[in-house]
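FYI, it's all coordinate maths here, none of it is from the lab. These figures come from a predicted structure and were not determined experimentally. Positions of Cβ are backbone-derived with ideal geometry, glycine not excepted, and every protein chain shown enters the neighbour counts.
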Amino acid sequence: MLEREVKLLFPTTAAARDAVLAAGAVLADARRLQDDSLYDLPDETLRSKGCVVRIRTERWTDRPDTTTLTVKGPVQSSQMKLREEHETRVENAQALLQAFDALGMRVWFRYQKHREEFSRPGLVVAIDETPVGTYVELEGDEDAILAMATALGRTPADFIVDSYYRLFMKRRDELGLVGPFMVFSASAEATADKPRQ
């Protein structure tokens, strides 16, 4: 499957949510914590090819945790982030982790965000609250992305195609973040788990 997406930076989660709802998107999935780990071999074979292997654990307040395995190919040249993506739900996360360990796969980056999803025809709209800011991610058809960006008062000049790893590397010093991973502090996490109004 071909993944096409862009991110847009917003000043606050409330501003992002108001803008997304005003643009006609409807709630599709509740806010939850996404805990993502990127894996590679010790010689960085996958990173050197521009590929990503990710294990995502979603921690829901109203249902059991879910785990998804995603493999992404290199980013293709485009005004939007465009790449092959293959994804599957994992029934036994512990078995997957043991298999990765046996293969020599190791975590090279971990990042967290609270995500709430909305939809419009041909489009998934995600509000991501991260340690490096609030982003609205638009994923879907090119025309649907452009139409939603316009409805949000944005243009292609506002498109961010950086990964969360790159955003973390760019913004961590200015935000005073420490450590190698983009994760919430324990104190921030205690309040971040509470639903936003």
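So if we plug the beta-carbon distance of Ser78 and Leu41 into 1/(1 + (r/R0)^6) with R0 = 30 Å, what FRET efficiency do we get, rounded to 0.05? Before the final figure, lay out each step's value.
Numbers: r = 28 Å, r/R0 = 0.93.
After rounding to 0.05, the efficiency reads 0.60.
Taking the Cα atoms only, what angle lies between the long axis of helix 13-22 and the longest principal axis of the chain, rounded to 10 degrees? The angle comes out at about 60 degrees.
First check a/c for the range 25-126, with a ≥ b ≥ c the square roots of the eigenvalues of its C-alpha gyration tensor; if it is under 1.5, answer rounded, and if not, answer prolate when a/b is larger than b/c or oblate otherwise. Cα axes put the range 25-126 in the oblate bin.
For the listed peptides 17-30, 116-129, a ranking on the average number of other beta carbons within 10 Å per residue, highest first, reads 116-129, 17-30.
Please give the charge dipole size of the chain, origin at the Cα centre, charges +1 on K and R Cβ atoms and -1 on D and E Cβ atoms. Round to the nearest 20 debye. Provide the component values of the computation, followed by the final result.
Values: 27 positive and 32 negative charges, 64 e Å.
For the chain, the charge dipole is close to 300 debye.
Within the chain, all pairs of alpha-carbon atoms sorted by distance into 5 Å bins from zero give the percentages 1, 7, 14, 19, 21, 19, 12, 5, 2, 0.
Please name whichever of Ala16, Gly73, Ala95 sits farthest to the positive end of the charge dipole of the range 1-131, dipole taken about the Cα centre and charges placed at Cβ: Lys and Arg +1, Asp and Glu -1. The residue sitting most towards the positive pole is Ala16. Paramagnetic label reach from Leu27 (point 7 Å along Cα→Cβ; backbone nitrogen cut-off under 17 Å): within the range 123-138, residues 125-129.
Taking amide H positions as modeled 1.01 Å from N, with prolines and chain starts lacking one, the residues under 5 Å from Trp60 and 5 or more places away or on another chain are Asp65, Thr66. Ordering Asp141, Asp62, Asp173 from the fewest to the most neighbouring beta carbons within 10 Å gives Asp62, Asp173, Asp141. Remark on Val90: its backbone amide H falls under 5 Å from those of Thr67, Thr68, Leu69, a criterion applied only to residues 5 or more positions apart or on other chains, H modelled at 1.01 Å from N.
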